[in-house]
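Colleague: Here it is, the structure in full.
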Amino acid sequence: GIVFGIAGLSSCSSDPSEPTGATPRPIVELTDSQPGDLIALRADDADPTIVEWIDRRAGTIRSIDVDEPAAITVVASIDVGTDGEQRGLLGHSVIDGVRYAAWTDPDTEHLLVGALDDTMPAGVGRIVWDAGGTAGGAVGGHLTATSDGALILGIGQLTDWAKAHGSGAMLQLDPLGPADQEPGVLSGGYIEPFAFAVAGDRLWVADNAVGDDTERIGPIDLAEGST
């Protein structure tokens, strides 16, 4: 199982040999989850006691109130393909009250980005972008939003899009655009840019390494626009 928790600030010790910093406080143990299942944590802007996460293989987005940890709510559920190590439901973000997600389709294994609608079949209301085929790994799929309402998607080097364009990349999408829209390329040269976050006009990206390669963390200036 996997323990889901929060970190509370601990007091600093005068002994430099003792660990300092945040002390985790377990909230709930998810006994059916396996390593790699729980990803893409997101705090609710309107209520910081609400935390959401993805169960990658189950294709669900769930939330928990840290003050009432016994109550776990399924926010959304999508049919996903999970063959391989990294396919499934991979990212989510909310813009103007609309939730967007990135996942691998169960029939085509394409990486899709779409707006969710729980009144529609499979919970998907509209496809924002079809990235094409995926391999079992280096899929990417993490998703976030800029302050001006654009979607940012990390895409891994083993996707069809990356093979056609030379590498994995950080892409910008119009959330209201068509499924065949041409994404803006914010930055390229990545292997698997799965972990990233926006801070103001700066996008911080961590790129996974392969074999003996060096993992990298660095910023992208969003104010400069896509290239």
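Colleague: Among strands (runs of 3 or more DSSP E) lying entirely in region 128-217, which contain 2 or more residues that are open to solvent by 50 Å² or more (accessible area, probe 1.4 Å) and within 19 Å of A40 (Cβ to Cβ)?
Modeller: Those strands (runs of 3 or more DSSP E) span 195-199.
Colleague: Looking at region 39-50, which of its residues are open to solvent by 20 Å² or more (accessible area, probe 1.4 Å) and outside any loop (DSSP other than H, G, I, E, B)?
Modeller: Passing the criteria: I39, L41, R42, A43, I50.
Colleague: Identify, by number, the condition in (1) within 14 Å of T159 (Cβ to Cβ); (2) open to solvent by 20 Å² or more (accessible area, probe 1.4 Å); (3) within 13 Å of the chain's Cα centre (by Cα) that V113 doesn't meet.
Modeller: The one condition V113 does not meet is (2).
Colleague: Take region 62-104 and flag every residue that is open to solvent by 20 Å² or more (accessible area, probe 1.4 Å), part of a loop (DSSP other than H, G, I, E, B) and of a type outside the set (D, E, K, R).
Modeller: V66, V80, T82, G84, Q86, G97
The values are calculated or read from the model by the stated rules, or taken from the named source; none is laboratory data. A quick note: this is a predicted structure, and the numbers were derived from the prediction, not measured. Note that we place each Cβ from the backbone using ideal geometry, even for glycine, and neighbour counts take in every protein chain shown. What goes into the accessible areas is simple: the full protein's heavy atoms, side chains included, and nothing from ligands, DNA or RNA. Shrake-Rupley method; radii C 1.70, N 1.55, O 1.52, S 1.80 Å.
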